[in-house]
Amino acid sequence: MAVSRRRLIGSLAAGSALAAVSPTDLVSTLRGAAFAASPPGDVVGKISVGYQGWFSCPGDGAPIGGWWHWSRDRFQPPAPANTTVVSWPDMREYARGYTTAYPALGNGQPAQLFSSYDQQTVDTHFRWMQEYGCDTAALQRFNPVGDEGPTRDAMTVKVRSAAERFGRKFYIMYDVTGWTSMQTQIKDDWANRMSVHTASPAYARQNGRPVVCIWGFGFNDDGRPFAPAPCLDVVNWFRAQGCYVIGGVPTYWRQGINDSRPGFSEVYHAFHMISPWMVGRTGTLDGLDWFHTNVNVPDQADCAAHGIDYQPCVLPGDLSSGHRRHGDFYWRHLYNLTRLGAQGLYVSMFDEFNEGNQIAKTSETQATTPAGAGIRALDEDGTACSADYYLRLTADGGRMFKGQLALTAVRPTPPVLGGGPPPGGDLAAGRPTSASSQNGGFVAGNAVDADRGSYWESTNGVFPQWWQVDLGAAHQVARIVLRLPPAAVWQRRTQTLSVEASPDGAGWTTLVASAGRVFDPATGNQVTLTVPAAPARHVRIRFTGNTGWPAAQLSQLEVYAG
């Protein structure tokens, strides 16, 4: 397993060993201006996100096998004493979950994780990218010559498929950490494996050239001991192949101090675009402002002077360390780099649950986090945040970056849409269920488990049918979400149904009248019903028809209080 960047680099104190600069003139010159060496393309003028795609689970078919990147010992299930993660994903939109050895979630459901090797997982992630304005994904590629190689090769195919399906761009981002024979093998890998993917309409291009990023040259640590000469040789080789080459470089690349080895200036200036690393550098708003003035502004000026595009790294903040400040940290970074006039932004990262700086949908509360495991949810500072909050911040930040939203230092994105409670606290999750009938093993309880792929189905050929759940206590029910399995498996259909409620499971009141409800793959095979606020302990769905199958069907039902 590749060692994480943070473990190799460590956090650098802002300003240590930094030569004094006088950036006032640079700030006033650069603010509101863009010194792009290149016109807009798939990385210039765009929001790129780092995509690890490196999580695997037993039974998913991945060649590497085991709990890849979920566990320290990948042949044992993740548990508090055997883990590599500090954040927990929101699992509600994944068709398949894999049960871990963590304690059950706070709501009693099993603690499950996703596998990146499942195509539906990658599709879900790229659908989110489409929905929330992430233009381009940088697919991480560590040394592919070892045992990771076959799995990473397959992941490239999966990412390509998802990018094509959801209209996103992607490019290969080589990480040279621990790659001892990098100079020859990276060329072979591109020429004989990865370059074939540039034929895809989804492969990112800039200035008409396929984009490649090389991350790790010049870092002052044992994981990347390369001298300048072989690094320059690799950059020039990729340029000669007709590629637009991005350099993932140290924070202090320009001065050759702190995390940067000296003597790499020629290497850095050989890249078409510079993207300095920022993870672990600061966790405060003052720190972000310091870096803007003392690092980002002179970086931008140096790139402009050398005809290089500048793509600074932007952080949502380490959730596990309490950096996020319910979105204010991320927004300050987006704001600072937008007013700088950067050519592109690189969000680190999309799915980095290992280091806590992911923007992908994340557990909102301890109800959907393993109980007692010490993992922070999005409400860790007392402010409720929806699972998609950092994706929504990315969408708004992207609009500001592209000039579609006014430049503002004040975050415009509410932690929860409408100001209400987060869309968590599903009252039906794991509760007792019953039904008028069932077909084989498609039992009623399947509709309240954590597996989107499991479902309840009634006896075929007989209507009406009903399915119901006992919420355990009376609640003011306001919203009900019904789902069928994902589009890759289930076609569009209309089910005619109504919603009934009861305080005791005996007398029933109709909350939502019978009507045809369309379950469409284009909208996630999901139907949301707004219910007139009414007290209910028992909720029943009554079915009288289904255009897709001669039975009532339900893979998930969620109930939310007003």
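Taking every C-alpha pair closer than 8 Å and separated by at least 6 residues, the mean separation divided by the residue count of the chain gives a relative contact order of 15 percent. In this entry, the stretch 412-562 is assigned a mean projected area of 9.2 nm², taken as a quarter of its C-alpha convex hull surface. Summed over all non-identical Cα pairs, the Kirkwood treatment of the stretch 316-371 gives a radius of 12.5 Å. Each listed q (0.06, 0.07, 0.11 Å⁻¹) maps to a log10 I(q)/I(0) for the chain from the Debye sum over equal C-alpha point scatterers, namely -0.32, -0.43, -0.99. What you get for the chain, charging only the Cβ of Lys and Arg (+1) and of Asp and Glu (-1), is a dipole of about 840 debye around the Cα centre. Per residue of the chain, the DSSP helices (runs of n ≥ 4 H) give a summed -39500 (n - 2.57) that works out to -5500 deg cm²/dmol at 222 nm.
For the residue pairs 46/361; 169/361; 158/402, the C-alpha atoms sit more than 23 angstrom apart in 158/402. Beyond 21 Å, how much of the Cα-Cα pair distribution for the stretch 237-322 remains, as a whole percent? In whole percent, the long-distance tail amounts to 33.
Apolar share of the accessible surface for the stretch 87-199: 49 percent from carbon plus sulfur atoms, 1.4 Å probe. Take the Kirkwood radius over Cα pairs of the stretch 379-497, plug it into Stokes-Einstein at 4 °C and 1.567 mPa s, and you get 72 µm²/s for translational diffusion. How are the C-alpha pair distances of the stretch 320-464 spread across 5 Å bins, as whole percents from the shortest bin up? In whole percents, the pair-distance histogram is 2, 9, 15, 16, 14, 11, 9, 8, 7, 5, 3, 2, 0. Each of 55, 83, 144 was scored by the projection of its Cα onto the charge dipole of the stretch 51-174, and the greatest displacement toward the positive side belongs to 144; charges sit on the C-beta of Lys, Arg, Asp and Glu.
Compared with the rule-of-thumb size 2.2 N^0.38 Å for a compact globular protein, the stretch 118-212 has a Cα radius of gyration ratio of 1.08. Using a probe of 1.4 angstrom and keeping all protein chains present, the accessible surface of the chain works out to 35 square angstrom per residue. Using every Cα-Cα pair within the stretch 142-298, state what percent have a distance larger than 21 Å. The proportion of pairs with Cα distances above 21 Å equals 49 percent. Taking the alpha carbon gyration tensor of the stretch 112-158, multiplying each eigenvalue by 5 and rooting it gives semi-axes of 22, 14, 8 Å, largest first. The calculated FRET efficiency for residue 184 paired with residue 154, based on their beta-carbon distance and R0 = 22 Å, is about 0.40. For residue 471, nonlocal amide neighbours, meaning residues 5 or more places apart or on other chains whose placed amide H falls under 5 Å from its own, are 538, 539. Placing dummy labels 7 Å off each Cα toward the beta-carbon, the span from residue 470 to residue 504 is 1.5 nm. Treating r as the C-beta distance of residue 410 and residue 237 and R0 as 56 Å, the FRET efficiency rounds to 0.75. Here's the list of aspartates and glutamates a cross-link from residue 187 could span, going by alpha-carbon distance under 14 Å and ignoring same-chain residues fewer than 8 apart: 175, 233.
The values are calculated or read from the model by the stated rules, or taken from the named source; none is laboratory data. A quick note: this is a predicted structure, and the numbers were derived from the prediction, not measured. As a convention, Cβ positions derive from the backbone with ideal geometry for all residues, glycine included, and neighbour counts pool all protein chains shown. Note: areas computed on protein heavy atoms with side chains; ligands, DNA, RNA excluded. Shrake-Rupley method; radii C 1.70, N 1.55, O 1.52, S 1.80 Å.
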